[in-house]
Amino acid sequence: MIHEEIKLAIDDTTEEAVLTTYLLSRYEDVRMEPAPFVLICPGGGYEFLSNREAEQFAIQWNSRGCHAAVLRYSVAPETFPTALLQLALAVWLVRENSEDWGINPRQIFLEGSSAGGHLAACYGVFWKKPYLLEALGIEAGEAEKLRPAGLILNYPVISAGEYAHEGSFQNLMGEAAADEKQRAELSIEKQVNADMPPTFLWHGGEDASVPPENSLLLAMACRQMGVPVELHLYMKGGHGLGLANELTQAADGYGIEPSCESWMELAYIWMMEVAMEADSGERREQ
């Protein structure tokens, strides 16, 4: 495994993010085709970053033949769009190094949990915005290199409206949190467009912190815009379950919910279907 920490900075005025790689090693005596890659954004309400939604996720993807990395992005007091720009820079770095790292550049997926799900979803709707391209020094003609193949969103923060996780938006927006116009711009279900990549969602039905309506609203918006979407709403399960088993159990014992543990395998099956479609679409264009 190629395991290293790469510091990312947009300019001299922002904090650095850290990209920790979990890349499958390649050997001369083992056949290995370019593999899918999952870029993981942990949750934590834009206040901290949850270790329960980071390395163990990467290892699970590795065990399924995928490369992975964890992005430790900036949180409060940094505000929007710092974390989004850091994520964009991470995607660009992965894309530019895809050949050396053994990654299929058409199979770069983003995964986010809770507030990390909001960040990944933000990227899904804003990835070609001019301000983002300008900050990274990327020409408009190269914008497609920033497009992810798909999004995997685990109990995500989505809406800044009735079902908002208020703490996430307070931390993300700072003093602008009371600005209704800006809140609407960061309410992802209102920003879904035809350029949003295919999306996988799952949510625990007993989530009292980030209500399941967040995922439902996003799924409905995707349907309305023709964005392929898969949603799994479990009957049980609270917030922040991670893998929902002992591997990501919290120090206080929280986090085991057998009825939700299937989400990882479901996400993998979905991801491979999307990956194959991305590859077949590329071949049709050539």
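Since every read-out is calculated from the coordinates, none of them should be taken as a lab result. What you see is a predicted model; the values in this text were computed from it and never measured. Cβ atoms come from the backbone with ideal geometry, glycine included; neighbour counts cover every protein chain shown.
When the expected Rg is taken as 2.2 N^0.38 Å, what fraction or multiple of it is the alpha-carbon Rg of segment 45-157?
1.04
Ranked by Cβ crowding within 10 angstrom, fewest neighbours first, how are Val91, Val30, Val157 ordered?
Numbers: Val91 22, Val30 8, Val157 31.
So the ranking, lowest neighbour count to highest, is Val30, Val91, Val157.
Taking only complete DSSP H runs, can you tell me which helices of the chain stretch 15 Å or more along their own long axis by Cα positions and average at least -1.0 on the Kyte-Doolittle scale?
Span-like helices here: 82-96, 115-126, 213-225, 263-285.
How many nm is it between the label spots at Ala208 and Ser63, if each spot is 7 Å from the Cα in line with the beta carbon?
3.1 nm
So for segment 5-285, averaging the separation of alpha carbon pairs under 8 Å that are six or more residues apart and normalising by length, what relative contact order in percent results? Kindly include the intermediate steps, with their values, before the conclusion.
Working: 572 pairs, mean separation 45.8, N = 281.
Relative contact order here is 16 percent.
Within the set Lys145/Lys181; Lys128/Lys190; Lys128/Lys236; Lys128/Lys181; Lys7/Lys190, which residue pairs have Cα atoms separated by over 26 Å?
Over 26 Å Cα-Cα: Lys145/Lys181; Lys128/Lys236; Lys7/Lys190.
Given a Förster distance of 25 angstrom, what is the FRET efficiency for Asp29 paired with His232, based on the Cβ-Cβ distance and rounded to 0.05?
After rounding to 0.05, the efficiency reads 0.05.
From the Cα gyration tensor of the chain, with a ≥ b ≥ c the square roots of its eigenvalues, which class applies: rounded if a/c is under 1.5, or else prolate if a/b is larger than b/c, or else oblate?
Details: a/c = 1.34, a/b = 1.13, b/c = 1.18.
Verdict is rounded for the chain.
Applying 1/(1 + (r/R0)^6) with R0 = 22 Å to the Cβ-Cβ distance of Met272 and Asn97, what FRET efficiency is obtained, to the nearest 0.05?
FRET efficiency, Met272 to Asn97: 0.45.
Please list, by residue number, every one of the GluC sites (Glu not before Pro) in segment 107-184 that is coil in DSSP and has at most 14 other beta-carbon atoms within 10 Å.
Glu139, Glu162
Using θ = phi - 60° and the Karplus curve 6.51 cos²θ - 1.76 cosθ + 1.60, what whole-Hz ³J(HN,Hα) does each residue of segment 189-196 get, with Gly and Pro shown as x?
Each residue's phi maps through the Karplus curve to give 4, 8, 10, 4, 9, 5, 8, 6 Hz.
How far apart, in nanometres, would the label points at Lys129 and Ala251 be if each is projected 7 angstrom from Cα along the Cα-to-Cβ direction?
Those two pseudo-labels are separated by 3.5 nm.
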